[in-house]
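Visitor: This is the structure I have questions about; it appears just below.
The values are calculated or read from the model by the stated rules, or taken from the named source; none is laboratory data. A quick note: this is a predicted structure, and the numbers were derived from the prediction, not measured. Cβ: placed from backbone, ideal geometry, glycine included. Neighbour counts: every protein chain shown. Side chains included, ligands, DNA and RNA excluded: accessible areas come from the protein's heavy atoms. Shrake-Rupley method; radii C 1.70, N 1.55, O 1.52, S 1.80 Å.
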Amino acid sequence: MAALGAALLAVAGCGSRPFAEGSSRELVVLTSLPADAPEILMLRAVVEREALRIDHEPSFVIRLASPTDAAAYRSTLALAVGYGPFDQIPKPCAKLRALLESGDTPFAFIPDLWLRGQASGIFWARTRDEWISAMARAQNPFYLALDRATFGAVRERVLALPRDDRAERILVETLDFKMRVPRGYTVQVLKRARAALVVDEGPPARLLRIQGAPAVEGDIGQTRAALARLFRPHEETLPLADPMLVPDEMAGARSRLYGRWEDSDVSAGGPFRFYLI
């Protein structure tokens, strides 16, 4: 099968705690540093880079909060930031401190630390100079780790939604393909093409396109473009490399493609993941 997107196909489990609050694009930074500190300005430059959309929105928006602000720990994305001895790390971040001490990077993320559907992380160094040097050196791995953690938080929320039995039956009847479809998502099918489109209107909107793969594989880029245009005739696959997406989260894929798309007809665009399974 060929699929665009992966949010609905991943599997995760969690307890019965309440869900975290807020947008998956707002990163709440738990810190005692002032807003104009060089470390915070550097963090903004790394995290608030332009998103892979044609409206030029930032990938994440940072909101600063004190480590003593209890409400901040209910956020969907929370990141402890600072420098100094590790015993100065906020006590609620004890598990993050343990990951930091046992790892070989200045950052760490853990899912569902305080609430369900939450990505919690830390970026810490023993001195200010070490922090700035570490961020300069690890900015891309850190950004990818944040992206992966965010993906996990969104996935947990999706999997907690009630299932749409009717939409799932449509997929089985059209594609002989069984997949969890949450209520609130819409499903379109093209029976002759043996293709389906699953849409969450968002914001942000998410699309998953599925089609029976041909017996003989051709160029994966052309295959992806053809599937995209079945449902959006004016969509274009952009010739851009390194789209900064979470890699390899689709188990069982025998080939994969990452990139960007845009559609002038609907004034939309963004990143894509494409898999042959």
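Visitor: Of these, Arg194, Arg206, Arg166, Arg126, which one is touching a Pro at 6+ places or on another chain (Cβ under 9 Å) and open to solvent by 60 Å² or more (accessible area, probe 1.4 Å)?
Guide: Arg126
Visitor: Here's something else I'd like to know. Can you find a residue that is touching a residue at least 60 places away in the same chain (Cβ under 8 Å) and open to solvent by less than 10 Å² (accessible area, probe 1.4 Å) anywhere in the stretch 97-116?
Guide: No, every residue in the stretch 97-116 fails to be touching a residue at least 60 places away in the same chain (Cβ under 8 Å) and open to solvent by less than 10 Å² (accessible area, probe 1.4 Å).
For (1) exposed (fewer than 14 other Cβ atoms within 10 Å of the Cβ); (2) over 15 Å from Asp147 (Cα atoms); (3) modelled with pLDDT of 95 or more, each residue gets a yes or a no:
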{"residue": "Ile40", "(1), (2), (3)": "no, yes, yes"}
{"residue": "Leu52", "(1), (2), (3)": "no, no, no"}
{"residue": "Ser66", "(1), (2), (3)": "yes, yes, yes"}
{"residue": "Leu79", "(1), (2), (3)": "no, no, yes"}
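Visitor: Inside the stretch 230-247, can you point out the residues that are modelled with pLDDT under 70 and surrounded by 11 or more Cβ atoms within 10 Å (Cβ to Cβ)?
Guide: Leu240, Pro243, Met244, Leu245, Val246, Pro247
Conditions (1) closer than 30 Å to Ser264 by Cβ; (2) at pLDDT below 95; (3) touching a Cys at 6+ places or on another chain (Cβ under 7 Å); (4) of a type in the set (D, E, K, R), marked per residue:
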| position | (1), (2), (3), (4) |
| --- | --- |
| Val61 | yes, yes, no, no |
| Asp69 | no, no, no, yes |
| Tyr73 | no, no, no, no |
| Gly103 | no, yes, no, no |
| Ser120 | no, no, no, no |
| Ala125 | no, no, no, no |
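Visitor: When the stretch 17-38 is examined, which residues are found to be free of Cβ contacts under 8 Å to residues at least 12 places away in the same chain and open to solvent by 60 Å² or more (accessible area, probe 1.4 Å)?
Guide: Residues satisfying the conditions are Pro34, Asp36.
Visitor: Restricting to the stretch 130-161, and then to whatever is without any contact (Cβ under 8 Å) to a residue 60 or more places away in the chain and open to solvent by less than 20 Å² (accessible area, probe 1.4 Å), can you tell me which residue is nearest to the chain's Cα centre (by Cα)?
Guide: This residue is Ala138.
Visitor: If you take the residues in the stretch 220-239 that are among the charged types (D, E, K, R) and not in a helix (DSSP H, G or I), which one is nearest to Ala195 (Cα to Cα)?
Guide: Only one residue tops the list, namely Arg232.
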